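The values are calculated or read from the model by the stated rules, or taken from the named source; none is laboratory data. Being a predicted model, the structure only gives us computed values, none of them experimental. Virtual Cβ from ideal backbone geometry, glycine too; neighbours counted across all protein chains shown.
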Amino acid sequence: MLEPMEKSSVYVDGDEEALRFKWIESEKAGCDLGEVAIRKWVQCHWWGYLRARWLEHLQGKRFWVELDRGDFGLLQRKFHENTVLLDRILDRLKSGQENLDIINWAMDWNIPMDPVVQILEALDINSRRLAHRFEEINKS
């Protein structure tokens with residue numbers, strides 16, 4: 001019997017991350033930094049945080065309700081013939097690289113461009129951006 005997949009929210013989890021960051025930064029400063037620390041987390045960490053959650057969703061590791069349901073586990077269903085290439089591309093995405101960085105990397109290493117482009121088009125990273133709901137976290 002399969003256990004139901006836990007559904008998570010990038011906003012709820014992100015808010016908890018931002019509050020942890022605020023607490024750590026406030027402890028370092030010796031006073032409550034409040035909104036300043038939250039804004040700093042959003043500015044410095046939100047996009048990387050969101051990308052990591054999106055990759056978890058694509059890999060089928062964790063279901064994030066704000067992300068496209070059809071994308072959940074996509075990488076388990078596709079690219080079986082290019083798993084090594086997919087892993088290398090995912091490593092680069094996790095480190096913050098963008099499509100152009102990956103295309104340049106593939107060209108530098110003489111990697112056939114067709115499978116690289118197919119993977120990048122399927123991932124469609126530029127359409128997977130969510131703005132942080134900063135206003136709501138301030139109520140915490």
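Collect the residues in region 1-16 that are assigned to a helix (DSSP H, G or I), touching a residue at least 24 places away in the same chain (Cβ under 8 Å) and loosely packed, with under 15 Cβ neighbours inside 10 Å, keeping them in residue-number order. Spell out the reasoning first.
Keep residues of region 1-16 that are assigned to a helix (DSSP H, G or I), which gives 10-16.
The next check asks that each one be touching a residue at least 24 places away in the same chain (Cβ under 8 Å); those that pass are 10-11, 13-15.
Once the filter is applied, which keeps residues that are assigned to a helix (DSSP H, G or I), touching a residue at least 24 places away in the same chain (Cβ under 8 Å) and loosely packed, with under 15 Cβ neighbours inside 10 Å, region 1-16 yields only ASP13.
Return yes or no: is HIS45 under 19 Å from ARG69 (Cβ atoms), touching a residue at least 12 places away in the same chain (Cβ under 8 Å) and of a type outside the set (Phe, Trp, Tyr)? Quick ask: steps written out before the conclusion?
Values: under 19 Å from ARG69 (Cβ atoms): no; touching a residue at least 12 places away in the same chain (Cβ under 8 Å): yes; of a type outside the set (Phe, Trp, Tyr): yes.
Taking the combined requirement at face value, the residue does not satisfy it.
Residue by residue, here is whether (1) in contact (Cβ under 8 Å) with a residue 24 or more places away in the chain; (2) of a type in the set (A, V, I, L, M) holds:
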site	(1), (2)
ARG77	no, no
LEU90	yes, yes
GLY96	yes, no
TRP109	no, no
ALA131	no, yes
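Can you find a residue in region 57-76 that is surrounded by 13 or more Cβ atoms within 10 Å (Cβ to Cβ), farther than 28 Å from ILE119 by Cβ and not basic (Lys, Arg)?
Filtering region 57-76 for residues surrounded by 13 or more Cβ atoms within 10 Å (Cβ to Cβ) gives 57-64, 66-68, 71-75.
Retained after the next criterion (residues that are farther than 28 Å from ILE119 by Cβ): none.
The answer is no; no qualifying residue exists.
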- Task: Output the residues belonging to region 17-38 that are surrounded by fewer than 13 Cβ atoms within 10 Å (Cβ to Cβ) and within 18 Å of ALA52 (Cα to Cα).
- Result: ARG20
- Query: Where in region 20-118 are there helices (runs of 4 or more DSSP H), lying wholly inside it, with at least 2 residues that are over 15 Å from ARG129 (Cα atoms) and at pLDDT 95 or above?
  - Reply: 34-59, 83-94, 99-108
- From the options ILE102, ILE111, ILE125, ILE38, residue that is within 12 Å of the chain's Cα centre (by Cα) and not small (Gly, Ala, Ser): ILE125
